[in-house]
Amino acid sequence: MDWKVFHIKNFPFAKPPKDKFLLVFQYENIIKGFPINSSVPTFIKSKKLLPCIAPICSDSNTYLDQDSFIDCTSLFDIENYYLYNEVCDEICDLSKHYVIKAILACRVLSSVEKMTILKAHQTKYFNLDLEKNNLKS
C-alpha cells in the first residue's frame, strides 16, 4: 500500500477522541500513520519542531476542507480495523515531497522509523537514496 489518507471515525489517540484524517502507510506487516491537523500544534512551535511538519493543500487534496499540516512528530501504530474506515485518496505529489523532507528532518523519529516509512513509499516519483540520508537497512 502506498501512502493513503484515511478518515478515521472517533480516533482514540486524539484528545479527546474525534474524527481524524491520517496519512497511513504499510511496510511488510507494519501499519503506521501520521495525523493531519488543520493547524500546527503549539508544542511543535515551542519545541522548534517545525521542520517535522509537512503542508498539505486542500486544492490538490480535495478531501480536505482547508489547507492542513501532516505532523511527522506523531507516529501512531494503526490497527487493521481502522483501515475499514473511509479511504480518501493518496496525497498529491507535492505533499509527498514535503512529507519526505519533514521525515528526513525530524529529530523525533529514529533512523529505523524513517527508513521503514520511506521504504513504504518507493515509487516512480521518488528514488530515495537511504544511505545518503544516513539511513541504512
- Item | Close pairs (9 angstrom Cβ cut-off, 6 or more residues apart or separate chains): in a loop (DSSP other than H, G, I, E, B) in the range 78-93, modelled with pLDDT under 75 anywhere | E90/D2
- Select from the range 1-13 the residues that are in a strand (DSSP E or B) and among the aliphatic types (A, V, I, L, M) and write down the one among them that is nearest to E90 (Cα to Cα). V5
- Query: Are there any pairs, at least 6 apart or on different chains, whose C-beta atoms fall under 8 Å, with the first in the range 100-120 and within 19 Å of Q26 (Cβ to Cβ) and assigned to a loop (DSSP other than H, G, I, E, B) and the second modelled with pLDDT of 90 or more and β-branched (V, I, T), and if so, which?
  - Reply: L109/T73; L109/I103
- Note on the structure: Scanning the range 25-57 residue by residue, those crowded, with 20+ Cβ neighbours inside 10 Å and at pLDDT 90 or above turn out to be G33, F34, P35, I36, L49, C52, I53, A54, I56
- For P12, all conditions in the list (1) in contact with an Asp or Glu (Cβ under 9 Å, 6 or more places away or on another chain); (2) farther than 18 Å from I100 by Cα hold save one; what is the number of the exception? (1)
- Task: Kindly indicate whether any position in the range 7-22 is out of contact with any Leu (no Cβ under 8 Å at 6 or more places or on another chain), in contact (Cβ under 8 Å) with a residue 40 or more places away in the chain and either hydroxyl-bearing (S, T, Y) or buried (at least 18 other Cβ atoms within 10 Å of the Cβ) (or both).
- Result: yes
- Take the range 61-73 and flag every residue that is touching a Cys at 6+ places or on another chain (Cβ under 6 Å) and modelled with pLDDT of 90 or more. D67, C72, T73
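The values are calculated or read from the model by the stated rules, or taken from the named source; none is laboratory data. Quick caveat: nothing in here was measured; it's all calculated off a predicted structure. Cβ coordinates were reconstructed from backbone atoms using ideal geometry, including for glycine residues, and neighbour counts include every protein chain displayed.
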